[in-house]
Amino acid sequence: MTSVSEISKTSNWPTNYGDPTWLLHDRFGLFIHWGLYSNAARHEWVMNREKIHPDTYRKYFKYFDPDLYDPKIWARAAKEAGMKYFVITTKHHEGFALWDSALTDYKVTNTPAKRDVLLEMVNAFREEGLKVGFYHSVIDWHHPEFPIDGLHPQRDDEVFKANAQNRKIENYAEYLHGQVRELLTNYGKIDYLWFDFSYPTFDWGWSTGKGKIDWQSEKLEKMVLELQPDILLNDRLDLGRGVITPEQYQPREVLEKDGNPVIWEACQTLNGSWGYDRDNLDWKSDEMLIKMLVDTVSKGGNLLLNVGPNARGEIDEKSLNSLRAIGQWMRLNSRSIYGATNSDLLAPVDCRYTQKGNRLYLHIFSWPFRHIHLDGLSGKIDYAQLLHDASEVQYKEHDPNESLTSISTRIKPGSVTLELPIQKPDIPIPVVEI
Ligand code: H79
């Protein structure tokens, strides 16, 4: 087992980045995707997917009117779910600024919202004690100097492309750096900056993807660290460093690089869409979400779980209910999550281990017939209990020096057999603390 404090000394973490101890401890954050795509209510890539012209897309700018927006409600929901930080889309690929940027008119203060909703959000979450993260898209499908490539919504619009011949990525990079400067200057201490995303290796024949040369990532990173020396950064500037961020994909095992554990964070949706998606039918169950959190920590990572509030400024009931369910589980079981990481021990089938110091947490995904066998733990256990109600779990230790104790049960020498109740406790994922 690598302790959380040791992980923070690993190779994917540059010494000039902030101290990631808090992130590794906290393990669970809220991702929020909120922008003009929330009005379209059919995925945050709608501009791209439907190749919507910027002039047409402007209707969402004109009608962005979040009259029910109260970020205190969002912050409380996150806190009650057990989340310790949040990451908000300051600007997504659509290019719309969710704050009062001096560098563009395409910003929230020019919509019917008329106010800096980002500022209110940052204040509300800080008040609830959550750390503040900014998502910022380096891609921008609205900016007049962003060169058209194979990912651009107007990639097949010959007239648009002809008119965009003289776009200069340097001009866009200057804008990008300027906006990031604003975000890191005007909103107090920002704990985490989450860039999205580089795609340098893509080559569509007539155009290539974009990466660190285009964004001037080295220079951008330097500015970020000058403005916010304690900030943490993710890995999407094409620099090969920062928090590794697998997207809607649970790694199959502990994430390592050159044999060392790395700092990583799974980002996951409730339903496959990041932005509010009215007609979505792919909602994950509460149990699946809890499993996802446990699975992530059991592999040494964080979970950044997303909600897509709607354009009136509300997180829908379905999402809120999922957060509540996770919160109920966390209230009783968060000891196995906060400050915990993967164990070097191999967990039994359908179980996940997390470990914190010499406490081992066995998460039981599928309730067994009475017994679970823990290899190699004989003589090493002092006490075992169900975490949610502190009820003792009795167990038998099997002598490591004996041969298979019984041909009929195949008990392994050196293992421990937990004796569990027949009835699964009334909690989505029971945890045994050992
Ligand atoms: O904000 C959310 C998504 O909208 C954003 N990241 C999360 C946090 C995201 N944008 N793109 N992606 C995630 C992945 C996109 C992959 C693809 Fe492609 C774009 C597949 C096809 C087009 C880039 C180009 C990768 C392959 C070709």
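Throughout, read-outs are computed from the coordinates displayed, never taken from laboratory work. Bear in mind that the values here come from a model prediction, so they are computed numbers and not experimental data. Every residue, glycine as well, gets a Cβ built from its backbone with ideal geometry; the counts of neighbours run over all protein chains shown.
The mean of 1/r over all pairs of different alpha-carbon atoms in the chain, once inverted, gives a Kirkwood hydrodynamic radius of 23.3 Å. Rounded to two decimal places and with Rh computed the Kirkwood way over Cα pairs, what is Rg over Rh for the range 351-433? In the range 351-433, Rg relative to Rh is 0.97. Find the percent of Cα-Cα distances in the range 172-224 that exceed 16 Å, and round it to a whole number. I get 48 percent for the Cα pairs in the range 172-224 exceeding 16 Å. Stretched out straight at 0.36 nm per residue, the stretch from Ala164 to Leu346 would grow longer than its current Cα-Cα span by 59.9 nm. For the range 124-245, the fraction of C-alpha pairs farther apart than 25 angstrom is 29 percent.
With both labels modelled 7 Å from their Cα along Cα-to-Cβ, the Ser403 to His53 distance reads 8.3 nm. If you plug the beta carbon distance of Trp283 and Asn123 into 1/(1 + (r/R0)^6) with R0 = 25 Å, you get a FRET efficiency near 0.25.
Taking amide H as placed 1.01 Å from N in the peptide plane, Ile244 has its amide H under 5 Å from the amide H of Ile263, Trp264, Glu265, each at least 5 places away in sequence or on another chain.
Per-residue ellipticity at 222 nm, computed for the chain from helices alone with -39500 (n - 2.57) per DSSP H run of at least four residues, works out to -7500 deg cm²/dmol. Take every Cα pair under 8 Å whose residues are at least 6 apart in sequence, average their separation, divide by the length of the chain, and the relative contact order is 19 percent. In this simple spin-label model, placing a label point 7 Å from the Cα along the Cα-to-Cβ direction at both Lys257 and Asp70 gives a separation of 4.3 nm. The mean of 1/r over all pairs of different alpha-carbon atoms in the range 66-119, once inverted, gives a Kirkwood hydrodynamic radius of 12.4 Å. Residue separation of Gln394 and Trp204 scaled by 0.36 nm, minus their Cα-Cα distance, works out to 62.2 nm of gained length. The range 371-422 and the range 95-168 have their alpha-carbon centroids 56 Å apart.
Counted by Cβ distance under 9 Å from Gln385, the other residues give a net charge of -3, where Lys and Arg count +1 and Asp and Glu count -1.
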